[in-house]
1. Using only Cα atoms, locate the centre of the stretch 79-95 and the centre of the stretch 8-74, then give the distance between them in Å, rounded to an integer.
2. Give me the net charge for the shell around Arg53: Cβ to Cβ below 12 angstrom, other residues only, Lys and Arg +1, Asp and Glu -1.
3. How large is the convex hull of the Cα atoms of the stretch 21-88 per residue, expressed in Å³ as a whole number?
4. Determine the relative contact order of the chain: mean sequence separation of Cα pairs under 8 Å and six or more apart, normalised by residue count, in whole percent.
5. Give me the net charge for the shell around Asp98: Cβ to Cβ below 14 angstrom, other residues only, Lys and Arg +1, Asp and Glu -1.
6. Work out the count of Lys pairs in the chain where the Cα-Cα distance is under 29 Å, with the pair 8 or more places apart or on different chains.
7. Measure nothing fancy, just the Cα-based angle from helix 117-131's long axis to the longest principal axis of the chain, in degrees from 0 to 90, nearest 10.
8. On C-alpha positions alone, give me the angle between the axis of helix 86-109 and the longest principal axis of the chain, in degrees, nearest 10.
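Each reported figure results from applying straightforward, stated rules to the coordinates on display, with no laboratory input. Remember, it's a predicted structure, so these values are computed and weren't measured experimentally. Note that each Cβ is placed from the backbone with ideal geometry, even for glycine, and that neighbours are counted across all protein chains shown.
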Amino acid sequence: MDELMVRIDKWLWAARFFKTRSMATEAVTGGKVHCNGQRVKPSRVVQVGDVLRIQRGAVEMMVAVMGVNDQRRPAKEAALLYQETAASLEAREKQREDRQLMRSIHENARPAGRPSKRDRRMIRTFVRKDDE
């Protein structure tokens, strides 16, 4: 049986990790994608069983290659090409919770709206004291 040989950048595009193939190529050359713990070039051939570390922004995923395809298919079919590790899922969930917590902290730190007339007067008097 002849196994399909697919470049890593084309596989990342087909598996829908990146919207365009050029974005996938850029990520691989930029060191955002590692295969079996090693930095690779976009021309590296992906094989079933390879473990990829893919970093997109603040999100990092560890996936095992379960299938190889060189065509971009619907999302349900693309999801069959890889399986995310349990540790990666757990780490991403923790990151998501941390981001939500930070967002809620920042929202509570903001003032409710514009300063009232009284608040503006107090600000002006405070600033004038600094000028003296």
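1. Computed from Cα coordinates, the inter-centre distance equals 15 Å.
2. Result for the local shell: 0.
3. 99
4. Computed value for the chain: 19 percent relative contact order.
5. So the surrounding residues net to +1.
6. Qualifying lysine pairs in the chain: 14.
7. On a 0 to 90 degree scale, this one is about 90.
8. Approximately 20 degrees, to the nearest ten.
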